Amino acid sequence: MTEHVIGLIWDAWRTRRKGVSAIAQRQQARLADMVAHARANSPYYRELYRGLPDRVESAEQLPVTDKKTLMARFDDWCVDREITLERAKAFVEDPNLIGERFLEKYTLLTTSGTTGTRGVFVLDDRSMAVTSAMAFRMLTTWLGAGDFIRIIAGGGRMAMVMATGGHFASAVAAARLKKSRGRRLEVLSVHMPLRELVTRLNQFRPVLLAPYASMAALLASEQEGGRLHINPVLLALSAEGLPEGEYDRVARAFRAKVGNSYAATECPFFSYSCEHGWLHVNSDWVVFEPVDADHRLVLPGEPAHTVLISNLANRVQPILRYDLGDSVLQQAGPCRCGNPFPSIRVQGRSAEVLTFRTDGGDRVTVAPLAFGTLADRIPGLQMFQILQTSPTSLRVRLQSHGTDLDRVWEAVQAGIGRLLAEHGLDHVALERAAEPPEQSKGGKFRQVIPLPDKTRS
Ligand SMILES: [Zn+2]
């Protein structure tokens, strides 16, 4: 660990201890600094911020950007003139370079682009150091001294179950960790057959397990069934909207702590869960603004259409007031866990909003959250995926814990039917799929898959 990271950990600890006003003060100072830096060094931001006052202290003063806009202006967006999209693409196309340094000094990550433009993100070492410091703050929130002792006693063996074969954030992290941890790290592909995955995990006996949340649910069933028999101290999941009760089931199955983090390639250190199921945002290093579809601030307690983020750590490719495209709900008031950082729940991608027409021709949208809360109330339902197959039909893919898939389907059908009826959409047909939920290219499960834009009526 470098001295720089230790300094950041110290600052992170002190900020948390001092509470709300220290967090706000750091956020404001870091934002002003980042905006000044972007204007001075990024041709894109210089042009975009031309009409703004000299010193900007609130994110609300800034125009909104998004992935599509920034990717279209990639070379101008970056502050290092050596970085070009052409060079970045050449790097991305070489799988041998996953986790290697880009231009000998940066980390390069891509997003899969399942919901549109593929993103190429360049991170500097300061970003990586802040990410490490935030990971440390996360782990010390989740684990007690006894847990750390058990992890050390278990040789610190860590297994990651993830999408391999691309420059995705998790794959790059795995490649970097492999260098320092060697045989103490096992990287398993989400595309591996479940039986093989179970065998490999039984052999490796990880004390730390890092799967996608949906994969953790599958593995918990294997552990409950006695086929998998590992004894991890912590499962660190990445958020992708499991029904709420599933996190407790995973914890019970493994008799382990379960932590959940939600981040984005644009801001790898965004947030981590507390014991009350909220995700606390590291807002000393990121500004987040829950907003409606017109980018107006939404009050805590009310669901937001999307969230705008400003990453206050990455100076090489500034992400400022950037539309992340995820729909979130901010908790009103302080969290019961005592953590002073603001807390959210993620309700799904705004790109997962389903659009229909009523019989009268009115346009109606249904948010993915509506289906998520529905799933929470159906016993036995492990995972589902709703696929819009035409403007008036939905195909539902199911996976249950037990054997009684028919009963689960009846409950799902009744629940979705009621939900549609409430929206005046009785004419929308439901079809039960023979196939289970399917992964997207990046290895994640999308809960709701709307019709592509051009086929929407
Ligand atoms: Zn909390």
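The values are calculated or read from the model by the stated rules, or taken from the named source; none is laboratory data. What you are looking at is a predicted structure, and each value in this text was computed from that prediction instead of being measured. Note that we place each Cβ from the backbone using ideal geometry, even for glycine, and neighbour counts take in every protein chain shown.
At a glance:
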read-out: Hits in the stretch 47-60 (condition: out of contact with any helix residue (DSSP H, G or I) (no Cβ under 7 Å at 6 or more places or on another chain) and surrounded by 14 or more Cβ atoms within 10 Å (Cβ to Cβ)); value: Leu48, Glu60
read-out: The stretch 437-446: number of residues that are surrounded by 15 or more Cβ atoms within 10 Å (Cβ to Cβ) and at pLDDT 80 or above; value: 1
read-out: Complete set of residues in the stretch 336-358 that are touching a Gly at 6+ places or on another chain (Cβ under 8 Å), modelled with pLDDT of 80 or more and either outside the structural domain of Ala213 (by TED's automatic domain parsing) or away from the ligand (no atom under 14 Å from the Cβ) (or both); value: Val346, Thr358
read-out: Qualifying positions in the stretch 315-335 - more than 16 Å from the ligand (Cβ to nearest atom) and not hydroxyl-bearing (Ser, Thr, Tyr); value: Arg315, Val316, Gln317, Pro318, Ile319, Leu320, Arg321, Asp323, Leu324, Gly325, Asp326
read-out: Residue count, the stretch 311-331 (criterion: β-branched (Val, Ile, Thr) and modelled with pLDDT of 90 or more); value: 2
read-out: Odd one out for Thr69, checked against (1) surrounded by fewer than 20 Cβ atoms within 10 Å (Cβ to Cβ); (2) in contact (Cβ under 8 Å) with a residue 12 or more places away in the chain; (3) in a helix (DSSP H, G or I); (4) under 25 Å from the mean Cα position of the chain (by Cα); value: (2)
read-out: Qualifying position, being touching a residue at least 12 places away in the same chain (Cβ under 8 Å), out of contact with any Pro (no Cβ under 8 Å at 6 or more places or on another chain) and not aromatic (Phe, Trp, Tyr), among Ser180, Ser170, Ser127; value: Ser170
read-out: Hits in the stretch 262-282 (condition: within 16 Å of the ligand (Cβ to nearest atom) and buried (at least 21 other Cβ atoms within 10 Å of the Cβ)); value: Tyr262, Phe270, Ser271, Tyr272, Ser273, Trp278, Leu279, His280, Val281, Asn282
read-out: Inter-residue pairs, beta-carbon under 6 Å, first free of Cβ contacts under 8 Å to residues at least 60 places away in the same chain and in the stretch 327-339, second within 8 Å of the ligand (Cβ to nearest atom), 6+ apart; value: Gln331/Trp278; Gln331/Ser343
read-out: Test: residue in the stretch 15-32 that is under 29 Å from Phe168 (Cβ atoms), assigned to a helix (DSSP H, G or I) and among the β-branched types (Val, Ile, Thr); value: no
read-out: Selected residue (only one of Leu228, Leu237, Leu242 is more than 16 Å from the ligand (Cβ to nearest atom) and touching a Leu at 6+ places or on another chain (Cβ under 7 Å)); value: Leu228
read-out: Matching residues in the stretch 72-88 - criterion: being surrounded by 14 or more Cβ atoms within 10 Å (Cβ to Cβ) and basic (Lys, Arg); value: Arg73, Arg87
read-out: Subset of the stretch 48-66 [in a helix (DSSP H, G or I) and touching a residue at least 12 places away in the same chain (Cβ under 8 Å)]; value: Leu48, Ala59, Glu60
read-out: Residue among Ala24, Ala29 that alone is within 24 Å of His295 (Cα to Cα), at pLDDT 95 or above and under 24 Å from the mean Cα position of the chain (by Cα); value: Ala24
read-out: Matching residues in the stretch 285-301 - criterion: being surrounded by fewer than 22 Cβ atoms within 10 Å (Cβ to Cβ) and within 16 Å of the ligand (Cβ to nearest atom); value: Pro300, Gly301
read-out: Any hit, the stretch 34-46, residues being in a loop (DSSP other than H, G, I, E, B) and at pLDDT below 95; value: no
read-out: Residue within the stretch 302-310 that is within 16 Å of the ligand (Cβ to nearest atom) and either surrounded by 22 or more Cβ atoms within 10 Å (Cβ to Cβ) or at pLDDT 90 or above (or both) present; value: no
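Here is a yes/no grid of residues against (1) charged (D, E, K, R); (2) modelled with pLDDT under 80; (3) surrounded by 12 or more Cβ atoms within 10 Å (Cβ to Cβ); (4) touching a helix residue (DSSP H, G or I) at 6+ places or on another chain (Cβ under 7 Å):
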{"position": "Pro379", "(1), (2), (3), (4)": "no, yes, yes, no"}
{"position": "Met383", "(1), (2), (3), (4)": "no, yes, yes, yes"}
{"position": "Pro391", "(1), (2), (3), (4)": "no, no, yes, no"}
{"position": "Arg395", "(1), (2), (3), (4)": "yes, no, yes, no"}
{"position": "Glu422", "(1), (2), (3), (4)": "yes, no, no, no"}
{"position": "Leu430", "(1), (2), (3), (4)": "no, no, yes, yes"}
